[in-house]
Amino acid sequence: MAVVDTVRRRGGARLRGVDKTYGSGVAEVAALRGVDLDVEPGELVVVLGPSGSGKTTLLNLMGGIESPTAGEVTVAGVDIGERPPSSLADFRRDHVGFVFQFFNLIPTLTAYENVEVMVELTGRGTRDDVPGLLEAVGLADRGDHFPAQLSGGQQQRVALARAIATDPDVLLCDEPTGALDLETGRTVLELLQRLNADGRTVVIVTHNASVAAMAHRVVRVRSGRVDRVERNEHPADASALDW
Amino acid sequence: MVGTATPQRTVAERPASSSARPAPRVVPPRALRIKTRRDVRRQLPQFVAVAVTVLLGVALFVASFDAFRNLEASYDTTYTRLHFADLTVTGGDVARFAGEAAGVDGVAATATRTQADLPMQVGTAKPYGRVIGLPPAGQPPVDQVDVVAGTYLDPGRPDGVLLERHAADHFGLGPGATVEVVGADGPRTLTVVGVADSPEYLWPARSRQDILTDPDSFAVVFAPEATARALAGVTGPNQALVELTPAGRAGDALDRLEARARAAGAADVQPRAEQPSNAALHEDINGFAEMSVAFPLLFLTAAAIAAYVLLTRRVLSERPVIGMLRAAGARRGPVVVHYLGHGVLAGLLGAVPGVVVGVVATTWVTRAYTSAVDVPDTVVARHPPARWPASPSACSWGSWAPGRRRWPRRASRPPRRCGGSPPPAAGAPGAGAGR
């Protein structure tokens, strides 16, 4: 599946010479070292790598959750490398959506309310948008269900609805299928592919190599460095993935 | 397959970017209010425990602090009504001193009298008691007495006396009973015509050195002045009393009077603050004041710690959720306010009934105390709730520390099982959760 030219492609990211170090002295750990990476607007990129290779750190830097120790990070045209934390919150609200492995739904709120809370807290959109968002992820009839009343796949779809509630330019997904079985994982990936087809940039971090088949490009990370970048001339349809 | 078309707003529809931050909210968003309500319901026992601790703290504080102020007011009312002396001068030329003192600025009234400590027989006990002279025709201008049973002294009955209430109660004596006083001319039997309270003996202390007097060894008898002189074996008064005006108390009248008294050869000059009963009561009342702060403080500290533990558990269990909200750009303020709200709620749930209980208990505590000490006047007043907000504040501070944490990075970590619901097994519907 190719990037459709008729839609407005947005997002994108550019990393130059990015280092990220945690701790100091003998406890210093270099999570990323000299990373250069370009993600085109509207592209679907899968970042692959073993545990501890720096995938999540890379995602956090692109999402403005963390700041690089050195280097430049530009996402959706915004240089976020040296922004203060409060400004990064604004950047995230305006440009980035997150999907995590563990859904992170509020257990005491229904699916509807879990999406609503994001709309209200970020001030992007209104409560009236919530039914449409749930419908977009196929959960229009599950709005009044609590997370514990939903399957893992349904919970991840609520998380997706919540992530797109702010209409982000870039959707960053950290092991979005990690807690799901094949069938539900595939459903979530289909949704991500559709969101990408709408023009959003989607970056999926995973250790599941099968997911790479749906990407426009695959970035392989090893020991904090970008090891290899491969272009997929013919990205697979998510519904055809198997693992 | 899932879903339909992905909702996509146009650029024009999108709210403006970072330059237009969401307006600061005083009221948390609707969904967070719902969350707070359900969180409280889920942790009801813990919330109730915090609220009850706050309730106890507030009730204790309101009751004891207001009772303390009521006691002060009760004493002051009695002192004012019975013209309690600001200065008691014993020995020397007390008549001359009283005459001079009457002309000093800030002096409201002066009086002289005779006082003597003499052996007595009251009931079956033989205390070394105190005889105090009073004008038989009417109350003296300073250090009056409050007759609570029987009648005041009668000029036609020189052997008729008033027995101070503590002794009367202790020995079970009333009007018509007799006491024997061993005076300068030998034993003399006096008849009790009335029982009286005195501002000098609200706490029956013989002296500053003998505050805790055994009731069997100390009794006070108010006798006609002539009788008191006869018993004491003196021809003139040996004690002068001075009452000051409020302005006199605020100024230096007391210092000037003390100097004059010493110049007049006084053996003992005792300001009101040093008067044994008053000093003892003030020590007691000061202890009460400290207790009225210390005990509630203990409870409110416990409430703050409980709120801290409760909220820390909740915040820790919701770290990934908080991280998710923050990662999505939710500003820190509303998130902090949300968790702070838990503490404020618990504080208010305890503070409001605590105030009610405290106000009711104030009356009870004040009356119980004034009754136990036999304070003639009981003042029960409600005081402005200046310090009551301390209780919700205590919980707020307890909630502040956990509430202010921020963990955007925690969003990618698995949830803890501390209070929150873990995701169910992949693909399997979870157990039902009621609203």
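Things worth noting here:
- Taking a sphere under 13 Å around the Cβ of B:Arg113 and counting the other residues whose Cβ falls inside, with K and R at +1 and D and E at -1, yields a net charge of -1.
- Shape analysis of the protein assembly as shown based on the Cα gyration tensor places the equivalent ellipsoid semi-axes at 88, 24, 19 Å, largest first.
- Cα-centred dipole magnitude for the protein assembly as shown, charges only on beta-carbon of K, R (+1) and D, E (-1), debye, nearest 20: 3380 debye
- Unit charges on C-beta of K, R, D, E only; dipole of the stretch B:281-355, Debye: 800 debye
- Local net charge near B:Thr362, Cβ-Cβ under 12 Å (Lys/Arg +1, Asp/Glu -1): +2
- The relative contact order of the stretch A:32-126, computed from alpha carbon pairs under 8 Å that lie at least 6 residues apart in sequence, is 15 percent.
- Considering only B:Ser277, A:Ala70, B:Phe61, and ranking their Cα positions along the charge dipole of the protein assembly as shown that arises from unit charges at the beta-carbon of Lys, Arg, Asp and Glu, the one farthest toward the positive end is A:Ala70.
- Cβ charges +1 (Lys, Arg) and -1 (Asp, Glu), total dipole of the stretch A:34-107, debye: 380 debye
- Chain A: antiparallel DSSP beta bridges as a percent of all, rounded to 5: 50 percent
- Backbone geometry of the stretch A:115-128 corresponds, through the Karplus equation with coefficients 6.51, -1.76 and 1.60 at θ = phi - 60°, to 3J(HN,Hα) couplings of 7, 4, 4, 5, 4, 5, 6, 8, x, 9, x, 10, 4, 5 Hz, x marking Gly and Pro.
- Counting beta carbons within 10 Å around each of B:Val148, A:Val73, A:Val47, A:Val226 and listing the fewest first gives the order B:Val148, A:Val226, A:Val73, A:Val47.
- Each residue of the stretch B:159-168 was assigned a 3J(HN,Hα) from its phi angle through the Karplus expression (A = 6.51, B = -1.76, C = 1.60, θ = phi - 60°), giving 9, x, 10, 9, 9, 4, 4, 4, 5, 4 Hz with x at Gly and Pro.
- Within the shell of other residues whose beta carbon sits under 11 angstrom from the beta carbon of B:Ala230, the net charge comes to -1, with Lys and Arg scored +1 and Asp and Glu -1.
- Positive-end extreme of charge dipole, the protein assembly as shown - chosen from A:Ala163, B:Leu44, B:Ala289 (charges on Cβ): A:Ala163
- Computed helical MRE - 222 nm, the protein assembly as shown, DSSP H runs ≥ 4 contributing -39500 (n - 2.57), nearest 500: -13000 deg cm²/dmol
Each reported figure results from applying straightforward, stated rules to the coordinates on display, with no laboratory input. Predicted model only: the values in this text are computed from it and were never measured. When we count neighbours, we look across all protein chains shown, and the Cβ atoms used for this are built from the backbone with ideal geometry, even at glycine.
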